[in-house]
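Undergrad: Please find one structure pasted underneath; my questions will follow.
The values are calculated or read from the model by the stated rules, or taken from the named source; none is laboratory data. Please read these numbers as outputs of a predicted model, since none were measured by experiment. Please note: Cβ atoms are built from the backbone with ideal geometry, for glycine as well, and neighbour counts cover all protein chains shown.
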């Protein structure tokens, strides 16, 4: 049996990249292998590593949970919980793991460099050390597999290194080395305005992304205006090389329609984007509209979302508490 863990930060405006790069894959895992143990976390403790609006943090947590459920995560089959609801266990393990995490490895984390930019000297410790918290998020449940995007592979590798260091230092194969799960056609969905940039909630232009809350009309308009090039679609995948915007739109279509990119190219080879874009808009609306509608229903009943999150946190604690207890015992801490 696999124990699968993944999560998203509670920031507003979840978009198509979040759905294709993570949520859709989680649902596929849940439904394809029902014997697995699935833990899907709202990582709200990670959200405070950069300035955030404290007034909206709890509501954003509910919205992310609503997106999980609306996309197909079933609370009866998977555990959905806020990280902070089990945060005492996550934070304790983070500190224990931090004692054996090398500064040199943290210095090589590219996301810190990207997020801190030229202001690295002013960045908080949380932003610098959050890969250790991510490791604790995984290891406190002894997760065996972690669905990740390409941009998180480095952090998962650090989690594996830390687990290996612990096992070696204390002479026990206690932690499982978590395996990455990189799934689907759209592991990295790019901006509709710039095929070289990842689709992002923080991008200045809303036209660069398709939000899970967008209406059908807005989705169609964004796809119609998406940046392309003047050439028709190629007749081979190799023909997409050097055409990032075209490649991105074909990738999105393939992921949403459940086809491979080769099948999409075969269907639309030689056609102009004026023919392709309406078909892409059609399949996008077909997949996103039901999620949007379900999210609105769920957000109208926050008490039900809270009930699901409380129940999920209780289940998560039952798993994590004895694992943390064993770690402390292995490390020699006092206990009565």
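Undergrad: Go through (1) touching a residue at least 40 places away in the same chain (Cβ under 8 Å); (2) closer than 29 Å to residue 296 by Cα; (3) part of a helix (DSSP H, G or I) for residue 134 and report which single condition fails.
TA: All conditions pass for residue 134, except number (2).
Undergrad: Still on this structure, I have one more. Which of the numbered conditions does residue 228 fail, given that it passes all the others? Conditions: (1) in the same structural domain as residue 52 (by TED's automatic domain parsing); (2) part of a loop (DSSP other than H, G, I, E, B); (3) in contact (Cβ under 8 Å) with a residue 12 or more places away in the chain.
TA: (1)
Undergrad: Quick one: which residue in 311, 271 is over 22 Å from residue 211 (Cβ atoms), assigned to a loop (DSSP other than H, G, I, E, B) and more than 21 Å from the chain's Cα centre (by Cα)?
TA: One residue alone meets the criteria, 271.
Undergrad: Looking at the range 178-198, can you tell me whether even one residue there is closer than 22 Å to residue 292 by Cα, at pLDDT 95 or above and assigned to a helix (DSSP H, G or I)?
TA: No, the range 178-198 contains no residue that is closer than 22 Å to residue 292 by Cα, at pLDDT 95 or above and assigned to a helix (DSSP H, G or I).
Undergrad: Touching a residue at least 40 places away in the same chain (Cβ under 8 Å), closer than 30 Å to residue 76 by Cα and either assigned to a loop (DSSP other than H, G, I, E, B) or not assigned by TED's automatic domain parsing to the domain that holds residue 60 (or both), is that true of residue 288?
TA: Yes: the conditions hold for residue 288.
Undergrad: Can you tell which of 69, 4 is crowded, with 20+ Cβ neighbours inside 10 Å and either over 23 Å from residue 151 (Cβ atoms) or at pLDDT below 90 (or both)?
TA: It is 69.
Undergrad: Which one is nearest to residue 150 (Cα to Cα), of the residues in the range 199-216 that are in a loop (DSSP other than H, G, I, E, B) and in contact with a strand residue (DSSP E or B) (Cβ under 7 Å, 6 or more places away or on another chain)?
TA: Out of the qualifying residues, it is 199.
Undergrad: For the range 150-157, state whether one or more residues are at pLDDT 95 or above and either surrounded by 21 or more Cβ atoms within 10 Å (Cβ to Cβ) or within 18 Å of residue 47 (Cβ to Cβ) (or both).
TA: Scanning the range 150-157 turns up no residue that is at pLDDT 95 or above and either surrounded by 21 or more Cβ atoms within 10 Å (Cβ to Cβ) or within 18 Å of residue 47 (Cβ to Cβ) (or both).
Undergrad: Let me ask something else. Looking at the structure I just gave you, is residue 126 over 17 Å from the mean Cα position of the chain (by Cα), in the same structural domain as residue 320 (by TED's automatic domain parsing) and at pLDDT below 95?
TA: The answer is yes for residue 126.
Undergrad: Okay, moving on. Can you tell which of 144, 176 is within 19 Å of residue 41 (Cβ to Cβ), out of contact with any helix residue (DSSP H, G or I) (no Cβ under 9 Å at 6 or more places or on another chain) and surrounded by fewer than 19 Cβ atoms within 10 Å (Cβ to Cβ)?
TA: Exactly one of 144, 176 is within 19 Å of residue 41 (Cβ to Cβ), out of contact with any helix residue (DSSP H, G or I) (no Cβ under 9 Å at 6 or more places or on another chain) and surrounded by fewer than 19 Cβ atoms within 10 Å (Cβ to Cβ), namely 144.
Undergrad: Taking the condition of being farther than 15 Å from residue 286 by Cβ and part of a helix (DSSP H, G or I), how many residues in the range 250-263 meet it?
TA: 5
Undergrad: Would it be correct to say that residue 24 is more than 28 Å from residue 218 (Cβ to Cβ) and at pLDDT below 95?
TA: no
Undergrad: Filter the range 86-123 down to the residues that are under 23 Å from the mean Cα position of the chain (by Cα), surrounded by fewer than 19 Cβ atoms within 10 Å (Cβ to Cβ) and modelled with pLDDT of 95 or more and list them by number.
TA: Listed by number, the residues that qualify are 87, 88, 91.
Undergrad: Continuing with the same structure: Looking at 238, 221, 247, which one is surrounded by 15 or more Cβ atoms within 10 Å (Cβ to Cβ) and outside any loop (DSSP other than H, G, I, E, B)?
TA: Just one listed residue meets the conditions, 247.
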